[in-house]
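Novice: Pasting in a structure now, in structure tokens, and then I'll have a few things to ask.
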Amino acid sequence: MAVRKILTAPDPILREISKPVAEVTDETRTLVADMFDSMYAERGIGLAAVQIGVPLRIIVMDLARNGEEPQKRVFINPEILSASDEMFTYEEGCLSVPEYFDEVDRPAQVTVRYLDEDGKQHEEEAVGLFAVCIQHEMDHLEGKLFIDYLSKLRRGRAMDKVKKVVRQRERNA
Ligand SMILES: [Zn+2]
């Protein structure tokens, strides 16, 4: 297990389309463990493999609140089977766009099919924060970031913020 560096915008790797996992193996599970370590190190609630530079269709998530037991979830090769017409607005953030938050509209409910860490297939309805998070993370698999939904002005502000944060981190490193 290892904490790996999380790529930040505008790293071109974040724009790559992730490839399906052909078979869930021990290697996949090692990558998943690294993803959790990297996500927890930055206090994130979701992470796609491409964010640590591995363009494979793998997402990890933990929506447990502070003080609750961890709720580790793994989504391999996820697909959205259906999405509601009803929309939901949430102030999103992203470890690849550090310290910037803004509102995004997405379908309020989605049905998602995925494989777990053991390669077993599941189908599940997602609502609320779970629906937001799975759609946000699945966008990463298509090379898309939440700031792509924002106006040019707001996207510019987000990128200014990222540059500033990255500079600060380099100084403190
Ligand atoms: Zn993200």
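The values are calculated or read from the model by the stated rules, or taken from the named source; none is laboratory data. Just so it is clear, the structure is predicted and the values come from calculations on it, not from any experiment. Here the Cβ is made from the backbone with ideal geometry for all residues, glycine too, and neighbour counts use every protein chain on show. Just the protein is used for accessible areas: all its heavy atoms, side chains included, with ligands, DNA and RNA removed. Shrake-Rupley method; radii C 1.70, N 1.55, O 1.52, S 1.80 Å.
Novice: Would you tally the residues in segment 115-151 being surrounded by fewer than 22 Cβ atoms within 10 Å (Cβ to Cβ) and of a type in the set (F, W, Y)?
Specialist: Of the residues in segment 115-151, 2 are surrounded by fewer than 22 Cβ atoms within 10 Å (Cβ to Cβ) and of a type in the set (F, W, Y).
Novice: I've got another one for you. Here are some conditions: (1) away from the ligand (no atom under 16 Å from the Cβ); (2) surrounded by 13 or more Cβ atoms within 10 Å (Cβ to Cβ). M39 meets all but one. Which one does it not meet?
Specialist: Of (1) away from the ligand (no atom under 16 Å from the Cβ); (2) surrounded by 13 or more Cβ atoms within 10 Å (Cβ to Cβ), only one is false for M39: (1).
Novice: Restricting the first residue to segment 59-78 and requiring it to be at positive phi, which pairs with a second residue that is assigned to a strand (DSSP E or B) meet a Cβ separation below 8 Å and a spacing of at least six or different chains?
Specialist: Between residues of segment 59-78 that are at positive phi and residues that are assigned to a strand (DSSP E or B), the close pairs are N77/Y114; N77/L115.
Novice: Further, regarding this structure: Condition first: in a strand (DSSP E or B) and open to solvent by 30 Å² or more (accessible area, probe 1.4 Å). Now tell me which residues in segment 58-92 satisfy that.
Specialist: Here is the first cut: in segment 58-92, the ones in a strand (DSSP E or B) are 58-61, 73-83, 87-92.
Matches in segment 58-92: R73, N77, E79, I80, L81, S82, A83, M87, F88, T89, Y90, E91.
Novice: Working only within segment 127-145, note down all residues that are within 16 Å of the ligand (Cβ to nearest atom) and among the hydrophobic types (A, V, I, L, M, F, W, C).
Specialist: Pass one, segment 127-145, residues within 16 Å of the ligand (Cβ to nearest atom): 129-145.
L129, F130, A131, V132, C133, I134, M138, L141, L145, listed by residue number.
Novice: Against the conditions (1) closer than 20 Å to G53 by Cβ; (2) surrounded by 16 or more Cβ atoms within 10 Å (Cβ to Cβ), where does V165 fall short? Just the number, please.
Specialist: The one condition V165 does not meet is (2).
Novice: For the list (1) closer than 20 Å to S18 by Cβ; (2) within 15 Å of the chain's Cα centre (by Cα), I need the number of the one condition that Y149 fails.
Specialist: (2)
Novice: Moving on to the next point. For V21, are the conditions met, namely being at pLDDT 95 or above, outside any helix (DSSP H, G or I) and over 14 Å from the mean Cα position of the chain (by Cα)?
Specialist: Details: at pLDDT 95 or above: yes; outside any helix (DSSP H, G or I): yes; over 14 Å from the mean Cα position of the chain (by Cα): yes.
Yes: the conditions hold for V21.
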